[in-house]
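Scroll down for the structure; my scribbles are underneath it.
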Amino acid sequence: MVQDLEQIEYRRGMLEKGMKQEDLPVKVWRGSKIPADVRAAINAEDLLNLGGVYGDKKAGDPMEYDNLKLVLTDDTVEITVFNRGMTLFMSDDERVRRIHRVLCKLDGTGKD
(Lines give C-alpha, C1' and ligand atoms only; values in the text may rest on other atoms or scores of the structure.)
Protein backbone atom coordinates (compact mmCIF):
# COMPACT_ATOMS: atom_id res chain seq x y z
CA MET A 1 0.00 0.00 0.00
CA VAL A 2 1.26 3.47 -0.88
CA GLN A 3 1.34 5.79 2.11
CA ASP A 4 -0.39 9.14 1.66
CA LEU A 5 0.68 12.23 3.59
CA GLU A 6 -2.45 13.16 5.55
CA GLN A 7 -1.21 15.78 8.00
CA ILE A 8 1.81 17.88 8.92
CA GLU A 9 2.41 19.28 12.39
CA TYR A 10 5.29 21.70 12.84
CA ARG A 11 6.37 23.16 16.15
CA ARG A 12 9.31 25.54 16.41
CA GLY A 13 10.77 28.21 18.61
CA MET A 14 13.23 28.99 21.35
CA LEU A 15 12.90 26.95 24.52
CA GLU A 16 13.74 29.02 27.56
CA LYS A 17 14.78 27.37 30.81
CA GLY A 18 11.80 25.54 32.32
CA MET A 19 9.74 25.51 29.09
CA LYS A 20 8.43 22.33 27.53
CA GLN A 21 8.20 21.66 23.81
CA GLU A 22 4.41 21.62 24.13
CA ASP A 23 4.55 25.28 25.23
CA LEU A 24 5.61 26.32 21.72
CA PRO A 25 2.97 27.10 19.08
CA VAL A 26 2.20 24.42 16.50
CA LYS A 27 1.16 24.83 12.86
CA VAL A 28 -1.04 22.09 11.39
CA TRP A 29 -1.86 21.38 7.75
CA ARG A 30 -4.33 18.62 6.76
CA GLY A 31 -5.07 16.90 3.46
CA SER A 32 -5.47 19.31 0.57
CA LYS A 33 -4.32 22.22 2.77
CA ILE A 34 -0.75 20.87 2.70
CA PRO A 35 1.03 23.19 0.24
CA ALA A 36 2.07 21.49 -3.00
CA ASP A 37 5.64 22.86 -2.77
CA VAL A 38 5.99 21.40 0.73
CA ARG A 39 4.76 17.98 -0.45
CA ALA A 40 7.22 18.16 -3.35
CA ALA A 41 10.08 19.14 -1.02
CA ILE A 42 9.29 16.31 1.39
CA ASN A 43 9.50 13.86 -1.51
CA ALA A 44 12.55 15.47 -3.15
CA GLU A 45 14.49 15.52 0.13
CA ASP A 46 13.28 11.98 1.05
CA LEU A 47 12.23 13.20 4.50
CA LEU A 48 10.13 10.11 5.22
CA ASN A 49 13.41 8.21 5.67
CA LEU A 50 15.00 10.76 8.01
CA GLY A 51 12.94 10.32 11.18
CA GLY A 52 14.88 10.85 14.39
CA VAL A 53 16.66 13.45 16.51
CA TYR A 54 19.40 15.74 15.22
CA GLY A 55 21.61 18.40 16.75
CA ASP A 56 22.88 19.02 20.25
CA LYS A 57 20.22 19.54 22.91
CA LYS A 58 22.78 21.11 25.25
CA ALA A 59 24.32 23.60 22.79
CA GLY A 60 22.48 26.68 23.95
CA ASP A 61 20.20 28.37 26.42
CA PRO A 62 17.70 29.23 25.14
CA MET A 63 17.60 26.20 22.89
CA GLU A 64 16.33 26.39 19.31
CA TYR A 65 13.74 23.64 18.75
CA ASP A 66 12.15 22.29 15.57
CA ASN A 67 9.76 19.35 15.55
CA LEU A 68 8.16 18.06 12.37
CA LYS A 69 5.53 15.33 12.51
CA LEU A 70 4.46 13.80 9.19
CA VAL A 71 1.26 11.78 9.62
CA LEU A 72 0.82 9.17 6.90
CA THR A 73 -2.03 6.78 6.18
CA ASP A 74 -0.61 4.05 8.44
CA ASP A 75 2.51 5.55 9.97
CA THR A 76 4.00 8.69 11.50
CA VAL A 77 7.48 10.06 10.89
CA GLU A 78 8.80 12.48 13.49
CA ILE A 79 11.91 14.64 13.10
CA THR A 80 13.33 16.77 15.91
CA VAL A 81 16.24 19.17 15.42
CA PHE A 82 17.89 20.92 18.36
CA ASN A 83 19.77 24.14 17.63
CA ARG A 84 19.29 23.89 13.86
CA GLY A 85 21.29 27.01 13.00
CA MET A 86 24.28 25.91 15.05
CA THR A 87 24.02 22.33 13.78
CA LEU A 88 24.06 23.53 10.17
CA PHE A 89 27.05 25.78 10.87
CA MET A 90 29.08 23.21 12.83
CA SER A 91 28.37 19.99 10.92
CA ASP A 92 28.53 18.74 7.38
CA ASP A 93 25.49 16.49 7.76
CA GLU A 94 23.56 16.28 4.49
CA ARG A 95 20.52 14.91 6.36
CA VAL A 96 20.27 18.12 8.41
CA ARG A 97 20.62 20.26 5.27
CA ARG A 98 17.77 18.27 3.64
CA ILE A 99 15.57 18.72 6.72
CA HIS A 100 16.47 22.43 6.86
CA ARG A 101 15.38 22.99 3.24
CA VAL A 102 11.91 21.59 3.98
CA LEU A 103 11.57 23.43 7.30
CA CYS A 104 12.40 26.71 5.55
CA LYS A 105 9.39 26.14 3.27
CA LEU A 106 7.19 25.48 6.32
CA ASP A 107 8.52 28.53 8.17
CA GLY A 108 6.99 30.77 5.52
CA THR A 109 3.62 28.99 5.30
CA GLY A 110 0.50 29.93 7.27
CA LYS A 111 -1.74 27.71 9.41
CA ASP A 112 -4.93 26.15 8.05
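The values are calculated or read from the model by the stated rules, or taken from the named source; none is laboratory data. Predicted model only: the values in this text are computed from it and were never measured. Every residue, glycine among them, receives a Cβ derived from its backbone with ideal geometry; neighbour counts consider all protein chains shown.
If you go through the stretch 22-37 and keep only what is outside any helix (DSSP H, G or I) and either small (G, A, S) or more than 14 Å from D4 (Cβ to Cβ) (or both), you end up with L24, P25, V26, K27, V28, P35. Please find, within the stretch 49-77, the residue that is farthest from Q7 (Cα to Cα) out of those that are aliphatic (A, V, I, L, M) and at pLDDT 95 or above. By that ranking, first place goes to V53. Return yes when R84 is under 11 Å from the mean Cα position of the chain (by Cα) and farther than 16 Å from K57 by Cβ and no when it is not. For R84, the condition - under 11 Å from the mean Cα position of the chain (by Cα) and farther than 16 Å from K57 by Cβ - is not met. For the condition among the basic types (K, R), under 21 Å from K105 (Cα atoms) and crowded, with 18+ Cβ neighbours inside 10 Å, R12 qualifies. Here A59 meets the list (1) hydrophobic (A, V, I, L, M, F, W, C); (2) surrounded by fewer than 12 Cβ atoms within 10 Å (Cβ to Cβ); (3) in a loop (DSSP other than H, G, I, E, B) almost entirely, failing just condition (2). Of all residues in the stretch 20-38, those satisfying the criterion of being in contact (Cβ under 8 Å) with a residue 12 or more places away in the chain and either surrounded by 15 or more Cβ atoms within 10 Å (Cβ to Cβ) or of a type outside the set (D, E, K, R) (or both) are Q21, L24, P25, V26, K27, V28, W29, G31, I34, P35, V38.
Pairs linking a residue in the stretch 80-103 that is part of a loop (DSSP other than H, G, I, E, B) to a residue that is at pLDDT 95 or above, with Cβ atoms under 9 Å and 6 or more positions apart or on different chains, are N83/Y65; S91/Y54; D93/Y54.
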